[in-house]
Amino acid sequence: MSKHTASTTPTGIGLGVDIGGTHISAALTQDGHILPQTYQRTSIDPAASASIVLDTLAGLIRTVQAAADQPLDNIGIAMPGPFDYPNGISMIQGLNKYEHLYGLNIREALYERLADAAGKQTPIRFANDAACFGLGAAVSDEGRQHKKIIAITLGTGFGACFIDNQHLVTGGIGVPPNGYLYDIPFKDGIAEDYISTRWLLNAYPANDVRQLAQLAKSDVKAAAVLEQFGVHLGALLTPWILRFEADAVIIGGSIARAYALFSASMRLPAPVVIPENTEWTAITGAASLNDPIRESEPPARKTRQSSLPVSSPGPNTSGYDIYPFEPLGNGRIFSGYSSLARWIAGYKGVRIEGYAGIDWRLIRHRLCEELRKLGIAILWYETSAFLKTPSDIETMVRPFLGQEGAVWGTKTTLNLADWFIPGLSDWRPEQGSHITIFAGPGSALSQWDTPVIYFDLPKNELQYRMRAGSAVNLGGVNTGPFAEMYKRSYFVDWVVLNKHRREICNHIAIVADGQHEEEPNWTLFDSIRKGMRTMAENFIRPRPWFEPGVWGGQWMKQHIPMLSKDEVNYAWSFELIAPENGIVFESDGLLLEIAFDWLMQCESEAILGVDAGRFKEEFPIRFDFLDTFGGGNLSIQCHPSLPYIQQHFGENITQDETYYILDCKPGAGVYLGFTEDIDPTSFRQILMDSQTYNQAIDIEAYVQLLPAQKHDLFLIPNQTIHGAGINNLVLEISATPYIFTFKMYDWMRLDLEGMPRPINIEHAFHNLDFERKGPKVKQELVSQPQLLRSEPGMQLELLPTHPEHFYAIHRITLMGNTTIATEEKCHLLMLVEGKEVTVVTAQGKRYQLRYAETFLLPAAAGSYRLENTQSTPLKLIKAYVK
């Protein structure tokens, strides 16, 4: 199927503009014809400032627009490249023309200059001159006789476009990428090396092509050069004509005037059309552009769950709260672009930074709209113009992505500056009466001394957008299936962006919640800092998030009333997996979420205490739920040894786990350790055969299935074969690494998208400990509680972990109240039995925690009191670094 990116509007009034190197021209068009009496042309200084160029362009458009007796359908502009045509951003640099437009969003600048008295804007679209020429020719009386057309422009460069039924086509059968031919490999270079003015004048030393054509009438050598030019053009075009099944070739540009001198040698398998007026044809085509401009629609999400609400839904009386927040006090969070525009109005310029997945088009559209309402002139520049090419970015990140198709990569050592061409750090805007905005990831790399506004995006929201195709990887690169995008995010994008945010932290003035770009909540970063300081000295409850999965169950759906019932199941709850959770702040009922990473970057010493030197900004322990109630077994799996994960994946700690059984049905179990008579060679062979021939395995012949009871703790040090069985609600207490699962057997299942799940037998057999087998598995890997202390109102048990585990686990049975000292350690807790518990910090702050909620008491809290106001005992789990 062809990929149509622009189409024509043969009825109604349009306005077309053709921008040349020293002049611009424009006219109204109707029904594919230019209205000659409206044609205007003016000279322009391509070396002038951005404001002068824009004022000249807008002035010409207004003059032509005034001749229209009805509203325009469209303003289309034929713009020389390089240019980001969908977004309207100039990327012209190093060509001695329009240098001051580099990085500027021309569409927004023209919207401001062309809006009518009511602020109404006519849509403005852009395409390259060859595409506009082709569209103009296609809607002409002669062009409409042909369905499939290849249009080319011959001049300083070699332009081309492909047209099907008066639609511009940029992909599909018989169409090169973007419809471009100039960079197609040809002879010992590319097509433009041989099909351009440059080649002609190198082959024959004339002043210009016009003189060469004149000489060719009497000079055999000049004639031979033009004849050879035709041979080149025919050799290049013929295969594309045949593949595309084009029934006409339309030729324009300055060299087309010499067509009679090279036509015979082309030998094309399709007729050629030469329009009389290339400029008028381009204007007609520009006016015919009507590709969609998506600026005001929120990004698509692929999930059945809602995003964080803009405002608090009110007191939660139903149990587990999926939207916990830290109050900042009144008047600290503001809503929407109108208030943000008023703040920006106090400055001559700002830089707007943000995380991966942010919809910059929507931010630009809405913010510029509000600034224009204030009567403020804006020049909006974007960092996307400074990005390296996608192929250069791909080459740069490839060493960190593992082998082709691999599940894992290695954490990158790159910096955000590596994504950009030289010049970004030295970028400065022109001076004027306008406000300048420099937007996009990397804008704060510029040494331009202005405040930074940072749009953050929670990791779950980023993944929902990636799955829907509305977010791509850093650098605007779409790496294909979600699994590849996620791998690149984890090992490259998040590492680089987190590092960058840390480096620019002192320049950030405002933080905005990027999951609501249509109307975001925002606050001063000073308020965020104070809120994080309060959390780091008292209490932290991260915002959890939830994911369906192939083995997912129904326990969370039944016990967490605020969760969407539309999901097929819930397999995971990210209670605290620090790299992917967020923290939420509240003021006047307004909510704002930022990544948990901010908290660790700003307050790691207060949170981790004596362990901050060891773990730095990485929170070391995670809590998450695995729900198999009414679902299926987890895969049979293991995790890497510490040296293996460090050498192969660049992690600092490995994935040592435990399973705490929060709830289960009778007969539930956990797969753990090998049977006594395990033979590694035969086990590997049976796994390989299962994968090759899609054969089921009697897994219990190789792996033990241990019975599970509520409040059991199973120990899963690295290299241990394991998997949760059906009908469990597992609280997974683990070291933070969470994606390094080497699956060996997955019960012959496809994932929720109907695709095979990766099996990692090779990695697994580099790590499996076959000595963890037989009776000693139950002796060594099922924790036996030890009473540490008993006092009125409280009983404290140690649930011993394995020597490989760097964290300890306590269970507190609470009948009354008890005070616990942090002893310069961070405590990670969950209420695992009972309705709710009250936590009171040393600073006197009180928090109500409900069943199954995860919370942290930072080292800097000093101490905290747990209060049971109920008539029945409560149980809490506490984990901390040994």
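The values are calculated or read from the model by the stated rules, or taken from the named source; none is laboratory data. Quantities reported herein were computed from a predicted structural model and do not represent experimental measurements. Glycine also receives a Cβ, built like all others from the backbone with ideal geometry; neighbour counts cover every protein chain displayed. Keep in mind that these areas ignore ligands, DNA and RNA; they rest on the heavy atoms of the full protein, side chains included. Shrake-Rupley method; radii C 1.70, N 1.55, O 1.52, S 1.80 Å.
State the number of residues belonging to region 609-653 that are among the hydroxyl-bearing types (Ser, Thr, Tyr), touching a strand residue (DSSP E or B) at 6+ places or on another chain (Cβ under 9 Å) and surrounded by fewer than 24 Cβ atoms within 10 Å (Cβ to Cβ). Residues flagged as among the hydroxyl-bearing types (Ser, Thr, Tyr), touching a strand residue (DSSP E or B) at 6+ places or on another chain (Cβ under 9 Å) and surrounded by fewer than 24 Cβ atoms within 10 Å (Cβ to Cβ) within region 609-653 amount to 1. Could you say whether any residue in region 142-163 is among the aliphatic types (A, V, I, L, M), closer than 15 Å to Leu236 by Cα and open to solvent by 30 Å² or more (accessible area, probe 1.4 Å)? No, because not a single residue in region 142-163 is among the aliphatic types (A, V, I, L, M), closer than 15 Å to Leu236 by Cα and open to solvent by 30 Å² or more (accessible area, probe 1.4 Å). Only residues that are over 26 Å from Thr736 (Cβ atoms) and not in a loop (DSSP other than H, G, I, E, B) were counted in region 579-590, giving 3.
Restricting region 426-470 to residues that are small (Gly, Ala, Ser), modelled with pLDDT under 95 and within 26 Å of Ala509 (Cα to Cα) leaves a set whose member that is most open to solvent (accessible area, probe 1.4 Å) is Ser433. The set of residues in region 551-570 that are within 21 Å of Arg850 (Cα to Cα) and either in contact with a Cys (Cβ under 6 Å, 6 or more places away or on another chain) or in a loop (DSSP other than H, G, I, E, B) (or both) comprises Gln554, Ile560, Pro561, Met562, Leu563, Ser564, Lys565. Of the residues making up region 166-190, those that are under 24 Å from Leu289 (Cβ atoms) and assigned to a strand (DSSP E or B) are His167, Leu168, Val169.
Residues that are among the charged types (D, E, K, R) and either open to solvent by less than 30 Å² (accessible area, probe 1.4 Å) or touching a residue at least 40 places away in the same chain (Cβ under 8 Å) (or both) were ranked within region 218-256; the one that is nearest to Glu192 (Cα to Cα) is Arg243. The condition (being part of a strand (DSSP E or B) and over 17 Å from the mean Cα position of the chain (by Cα)) is satisfied by just one residue among Leu367, Leu379, Leu371: Leu379.
Summed over region 313-329, the residues that are open to solvent by 40 Å² or more (accessible area, probe 1.4 Å) and either closer than 15 Å to Ile560 by Cα or out of contact with any strand residue (DSSP E or B) (no Cβ under 6 Å at 6 or more places or on another chain) (or both) give a count of 4. Residues that are open to solvent by 20 Å² or more (accessible area, probe 1.4 Å), at least 3 per element: which strands (runs of 3 or more DSSP E) completely within region 18-79 meet that? Per the criteria, 40-43.
The number of residues in region 393-446 that are part of a loop (DSSP other than H, G, I, E, B) and within 30 Å of Ile653 (Cβ to Cβ) comes to 16. Of all residues in region 856-879, those satisfying the criterion of being open to solvent by 10 Å² or more (accessible area, probe 1.4 Å), under 10 Å from Ile820 (Cα atoms) and not charged (D, E, K, R) are Gly862, Ser863. Selection of region 195-236 for residues being assigned to a helix (DSSP H, G or I), among the small types (Gly, Ala, Ser) and farther than 17 Å from Ser263 by Cβ yields only Ala203. All conditions in (1) among the charged types (D, E, K, R); (2) under 22 Å from Gly582 (Cα atoms); (3) open to solvent by 10 Å² or more (accessible area, probe 1.4 Å) hold for Glu279, with the sole exception of (2). Sub-7 Å Cβ pairs linking a first residue in region 89-111 that is aromatic (Phe, Trp, Tyr) to a second residue that is open to solvent by less than 10 Å² (accessible area, probe 1.4 Å) and assigned to a strand (DSSP E or B), at least 6 apart or interchain, are Tyr98/Ser90; Tyr102/Ser90; Tyr111/Ile124, ordered by first then second residue. Taken over region 390-419, the criterion of being exposed (fewer than 14 other Cβ atoms within 10 Å of the Cβ) and among the β-branched types (Val, Ile, Thr) is satisfied by Thr395, Thr413.
Against the list (1) closer than 26 Å to Phe482 by Cβ; (2) surrounded by fewer than 20 Cβ atoms within 10 Å (Cβ to Cβ), the condition Asp698 fails is (1). All of Val837, Val832 fail the test of being without any contact (Cβ under 8 Å) to a residue 40 or more places away in the chain and open to solvent by less than 10 Å² (accessible area, probe 1.4 Å), apart from Val837. Is it the case that some residue within region 472-493 is open to solvent by 20 Å² or more (accessible area, probe 1.4 Å), closer than 26 Å to Phe525 by Cβ and either among the acidic types (Asp, Glu) or without any contact (Cβ under 8 Å) to a residue 24 or more places away in the chain (or both)? Checking region 472-493: not a single residue is open to solvent by 20 Å² or more (accessible area, probe 1.4 Å), closer than 26 Å to Phe525 by Cβ and either among the acidic types (Asp, Glu) or without any contact (Cβ under 8 Å) to a residue 24 or more places away in the chain (or both). When restricted to residues that are among the small types (Gly, Ala, Ser) and surrounded by fewer than 17 Cβ atoms within 10 Å (Cβ to Cβ), region 86-100 contains 1. In region 729-748, the qualifying residues are those that are open to solvent by less than 10 Å² (accessible area, probe 1.4 Å) and within 26 Å of the chain's Cα centre (by Cα), and the one that is nearest to Asn760 (Cα to Cα) is Phe740.
Looking across region 752-777 at every residue that is part of a loop (DSSP other than H, G, I, E, B) and of a type in the set (Asp, Glu), the one that is modelled with the lowest pLDDT is identified as Glu753. Of everything listed in (1) under 25 Å from Asn96 (Cβ atoms); (2) among the small types (Gly, Ala, Ser); (3) over 32 Å from the mean Cα position of the chain (by Cα), the single unmet condition for Ala160 is (3). Of the residues in region 798-805, not one is touching a residue at least 60 places away in the same chain (Cβ under 8 Å) and farther than 26 Å from Glu618 by Cβ. Looking across region 765-818, the residues that are among the basic types (Lys, Arg), farther than 18 Å from Glu867 by Cα and open to solvent by 40 Å² or more (accessible area, probe 1.4 Å) come down to Lys773, Lys776, Lys778. In the condition set (1) open to solvent by 30 Å² or more (accessible area, probe 1.4 Å); (2) at pLDDT 95 or above; (3) of a type in the set (A, V, I, L, M), Ala571 is compliant with all but (1). Residue-level check: of (1) in contact with a helix residue (DSSP H, G or I) (Cβ under 7 Å, 6 or more places away or on another chain); (2) closer than 23 Å to Ile877 by Cβ; (3) buried (at least 22 other Cβ atoms within 10 Å of the Cβ), Asp663 misses just (3). Checked against the criterion of being closer than 29 Å to Asp566 by Cα and not charged (D, E, K, R), region 276-297 contains one or more residues that satisfy it.
Kindly indicate whether Leu328 is in contact with a Leu (Cβ under 9 Å, 6 or more places away or on another chain) and farther than 28 Å from Asn473 by Cβ. Answer is yes for this residue. For region 290-310, enumerate the residues that are within 30 Å of Leu856 (Cβ to Cβ) and open to solvent by less than 60 Å² (accessible area, probe 1.4 Å). Result: Thr303, Gln305, Ser307, Leu308, Pro309, Val310.
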